[in-house]
Structure formats: C-alpha cells, structure tokens
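One structure below.
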Amino acid sequence: MTKSGNRKMYFDTHALVRILEENGFTTQQSEVVVGVMVRTTNSNMDLIYNDMVTKVQQEIMLQRVFSQIASLKKDMIILEKSEFSLLLAENEKIKVELLQLKVELADVMNKVRFDNILDMNFEKSRVKEMKVEHDKRLLENRTEIMEMNAEQDRHLTQNNMKIDTEVAGLKTMLESHKLDSIKYLAGSVFTCLTVVLGFYRIWM
C-alpha cells in the first residue's frame, strides 16, 4: 500500500490479518489491529521522513552549499587580492620610506664625514700655526739668548779690558812709585854721605 505519495509500507497487511485469525483473532479484530499498526507505522514514518530529505532536496541543498562555497571562495579571493594589494601598497610605501631613510642616512653620514674632515683640517692648520708660532718664539728666544750671551761677552770683554787697563795703570804707578822711592832713597843716601863727609872734614 502507498502512503503520502511515493512512501510505501513494506509488509503484507493481508498476511498479517490471516496470521492473527489463525491465532484466535476474529477478522474484524485482526483488521483493527493491522489498521492500528499501519497508523502507528505511518506516524513513525512521518516523523522519520520529517527529519529526512529527498534526493532532490539533498541535491538542491548541495547546490546551495556549493553556491555559497563558491561565493565564499570568490569573496575570499577578492579579499585576498585586496589584502594582497594592500600589503603590496604597504610594502611599496615601506620601501619608499626605507629608501628615503637610506638617502637621509647617507646625507647625514656624508655631512658628519665632511664636518670631521673640516675639523681635522682645521685642527691640522691650528697645530701647524701653533708649531710655526712655537718655532718663531723659540727662534726669538734663541736670538735673545744669543744676543744676551753676546752682550754678556761684550761686557765681560770690556770689563776684562778695563781691568787689564787698570792693572797696567797700577803697574805703571807702582813702577813710578818704585822709581821715586829709589830716587828718594838714593838722594837720602847721598845726603847722609854728604853730611857724614862734611862732619868728617870738620873733625879732621
């Protein structure tokens, strides 16, 4: 027997009635029991069929699921492309920023190198100037020392010459005094002799 379109009952109701009749049921009782079993079975099958789907419905649901998966996949591809585009744009932006930083760093390094070269050249020039000034002062001091030594030597020579002149004058004076003393002594001796001879003649 058929129930609800294509759904079928897969047991023989007539054979079940005969079995019941053979076991003491009347025909009417057997048909009532079989009817109750059929209704119970149909109710149970309705509950089962309500929880189940047909092959057509399953195919429709699969098509819907596949369509949703395809749409989701398409959205994911679009999102991935969009994210990839954003990542590429961000990467390009970072590359540009890194290039700018590299250029700025190179400029700063060149500036620092140039400043260091200028400072080194300035220090070299200052050291050279200090060396020249030091050599100049050293030469001036040496010249002054040589002039002072020459002046001292000149004064020493003059003093030696003056001393020699004074010594020679003193020697001359001593010789003169010696001659005067000799002359005085000689005069005194002659005078004494003259006096003695005078007294001698007087006494003779």
| request: For E31, state whether it is modelled with pLDDT of 75 or more, in contact with a helix residue (DSSP H, G or I) (Cβ under 7 Å, 6 or more places away or on another chain), at negative phi and open to solvent by 100 Å² or more (accessible area, probe 1.4 Å). | output: yes
| request: Scan the stretch 6-26 for residues that are over 23 Å from S43 (Cβ atoms) and either basic (K, R) or at pLDDT below 80 (or both) and jot them down. | output: R18
| Hey, among the residues in the stretch 34-51 that are within 14 Å of T13 (Cβ to Cβ) and either in contact with a helix residue (DSSP H, G or I) (Cβ under 6 Å, 6 or more places away or on another chain) or of a type in the set (D, E, K, R) (or both), which one's surrounded by the fewest Cβ atoms within 10 Å (Cβ to Cβ)? | R39
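The values are calculated or read from the model by the stated rules, or taken from the named source; none is laboratory data. Treat the numbers as computed from the prediction; the structure is a model and nothing was measured. Positions of Cβ are backbone-derived with ideal geometry, glycine not excepted, and every protein chain shown enters the neighbour counts. The protein model used for the area step is the full one, side chains on, heavy atoms only, and it has no ligands, DNA or RNA in it. Shrake-Rupley method; radii C 1.70, N 1.55, O 1.52, S 1.80 Å.
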